[in-house]
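Enquirer: Have a look at the structure that comes next, please.
Bear in mind that the values in this text are calculations on the coordinates, not laboratory data. The structure displayed is predicted, hence computed values, not measured ones. Virtual Cβ from ideal backbone geometry, glycine too; neighbours counted across all protein chains shown.
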């Protein structure tokens, strides 16, 4: 293709016979580069054009359900059923959202949001706290059986957690935590330990030994070093594992479904499912409830995307 | 005198070290053992009994629960559904993720926005996603009328009500939620490939497909294998979305192992039988993980070690 164009440029240049040899040469070169640049631009933009087309199609497929839910919450059921394809509500109905947040369904919504929040705070705090302590010994202390213990935790990643569910209910019942938010938060924290330890260990290892020696000389004990020096230095890694743990506990479904037994203890995912069966014929209201329920996750995502991505890739790309 | 003094000092140092290790490690080990390891062992124990969870655990039946499970059609459907999702994920979802990752592995305007959008579904709860898709897939709702207006009315299915089609529908929604996750992993892997390698191959006359086949694919291999592994484990424990959208129906057609376990364990109060499902799921996952570790991931470890040496 390029050679063809060059020859046409050449012949075109050759027809300008009256020009002096030097001038002719100069003009050919100029046209050549101009033409080549244009072709280059065309080729580039055609590949980036197809790239954009594909990416935009996929992005729309991702966004359609979300936009459908957000705008559907502003419609009434007549609009939703009558013309599902019309994008913009007409008229705009605000009662669904206001009912969920401040009106008839507000108590249910805020209670479930609070339950989710309590479980997330306790579970994430426990996971990150316990995993940091454990990762510290795995990374910076030498003792027999260290790798065996570490392997035990990594095994936790290898099998489906649903396996432990039935006995877990009986266990939680026996220790008197059935129907208690703590009864969900504790197992949730336990299930989060493997991934957190696996991500933190290499990070803790990378902090220079000299720093620890210097701290020891200045009279720092192991805990002092851990608490005053290691943790502050590891803040980016801690942020990463916390974000991962927040997403996992916030979205957890199976554990709360089994371990919580009353509507007043439900978390948001359970609440949304129940709401959708309770208001089967009121789709607009379900959509409004759904949107308000996922709003915290989306806001959190926009703020913490970087940590989330770095956590997942550091955990998985290294293997 | 000084020697006598030195011995207790060394001893106390030794004791402090062990005290630190125990105090640091014990809480995590305790919580993990109590809430993760113990239940798995107990599941194996319960699976040998016929038990409704309330009476004393005294009706020992040996391996009868396993026999019943292997003979039941519910079990067969459930495990083949899990396998189906694994196969479809490997055949469609992961290649698709890799394709998009290669598209995003260039500098261009809007790349950050696309990455943000593609990865967004990962943070949404599976249960809530399931509720929204259920509404969209109701007969006559968004999906149906969209297809009708696009002239595809003839392809409309009873998306969640047709036993032959329900798993395909679920697979598409699972891919909607998780392809971005795999894309992010693979994108990070692609970033680790030096651009010079691809450029050198191009200069040597390799076409785009050849560069992909002989340069990109082998070098993305380790990440790809991890991605495949995570996808398999995820497909095995599939529960939330299926429970919300179909609860395993219609007629148990979309049961997964976890759903079948949950139904027999909680809905029918057959805790022994349900535990047998759990143990089978555990062994299946473990076998898969070990085999994968042994035959596939080991190459990566060896590769990494030789790379360090060389």
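Enquirer: Tell me, how many Å apart are the Cα centres for the stretch B:206-271 and for the stretch B:71-118?
Expert: 9
Enquirer: Continuing with this model, one more query. Per residue of B:104-116, what is the mean number of Cβ atoms on other protein chains within 10 angstrom of that residue's Cβ?
Expert: 3
Enquirer: Give me the one-decimal Kirkwood hydrodynamic radius in Å for the stretch B:31-154, with the sum taken over alpha-carbon pairs.
Expert: Taking every pair of different Cα atoms in the stretch B:31-154, averaging 1/r and inverting gives 20.3 Å.
Enquirer: Something else about it: Please arrange B:213, A:51 by how many other C-beta atoms lie within 10 Å of their C-beta, fewest to most. Walk me through the intermediate numbers first.
Expert: Working: B:213 12, A:51 17.
Lowest to highest Cβ neighbour count: B:213, A:51.
Enquirer: Determine, for A:235, B:107, the number of other Cβ atoms within 10 Å of each Cβ, and report the residues in order from fewest to most.
Expert: Ordered by Cβ neighbours within 10 Å, fewest first: B:107, A:235.
Enquirer: Across the residues of B:129-142, average count of Cβ atoms on other protein chains within 10 Å? Walk me through the numbers before you get to the answer.
Expert: Working: counts 8, 5, 13, 12, 3, 3, 12, 6, 0, 3, 0, 2, 5, 7.
So the per-residue partner count for this stretch is 6.
Enquirer: Okay, helix-only estimate at 222 nm for the protein assembly as shown: each DSSP H run of n ≥ 4 adds -39500 (n - 2.57), divide by all residues, round to 500 deg cm²/dmol; what do you get?
Expert: -23500 deg cm²/dmol
Enquirer: Using only alpha carbons, build the gyration tensor for the stretch B:106-191 and give me the equivalent ellipsoid semi-axes, biggest first, whole Å.
Expert: Rounded to whole Å, the semi-axes are 30, 16, 12.
Enquirer: Expressed as a whole percent, how much of the Cα-Cα distance distribution for the stretch B:58-114 exceeds 20 Å?
Expert: Summing the P(r) tail past 20 Å for the stretch B:58-114 gives 58 percent.
Enquirer: So what's the gap between the Cα centers of the stretch A:163-177 and the stretch A:91-133, to the nearest angstrom?
Expert: That distance is 25 Å.
Enquirer: Once each part is reduced to its C-alpha centroid, what is the distance from the stretch B:145-183 to the stretch A:271-308 in angstrom?
Expert: Cα centroid of the stretch B:145-183 versus Cα centroid of the stretch A:271-308: 21 Å apart.
Enquirer: Now for a different question. What would the Debye formula give as log10 I(q)/I(0) at q = 0.21 Å⁻¹ for the alpha-carbon point model of the stretch A:168-317, no solvent?
Expert: -1.22
Enquirer: With just the Cα atoms of the stretch A:268-307, tell me how far they stretch along each of the three principal axes, in Å, largest first.
Expert: Here the spans come out as 40, 18, 8 Å, largest first.
Enquirer: Using just the Cα positions, wrap the stretch A:98-240 in a convex hull and report its mean projected area in square nanometres, one decimal place.
Expert: Mean orientational projected area (the stretch A:98-240, Cα hull): 12.2 nm².
Enquirer: Taking the protein assembly as shown on its own, what percent of its Cα-Cα pair distances exceed 47 Å?
Expert: The calculated P(r) of the protein assembly as shown puts 26 percent of pairs beyond 47 Å.
Enquirer: When only C-alpha pairs under 8 Å and at least 6 residues apart count, what is the relative contact order of chain B, in percent? Don't skip to the end; give the middle numbers.
Expert: Details: 291 pairs, mean separation 88.6, N = 310.
Computed value for chain B: 29 percent relative contact order.
Enquirer: In a Debye calculation with equal point scatterers on the alpha-carbon sites of the stretch B:72-309 and no solvent, what is log10 I(q)/I(0) at q = 0.09 Å⁻¹?
Expert: The Cα Debye sum returns log10 ratios of -0.49.
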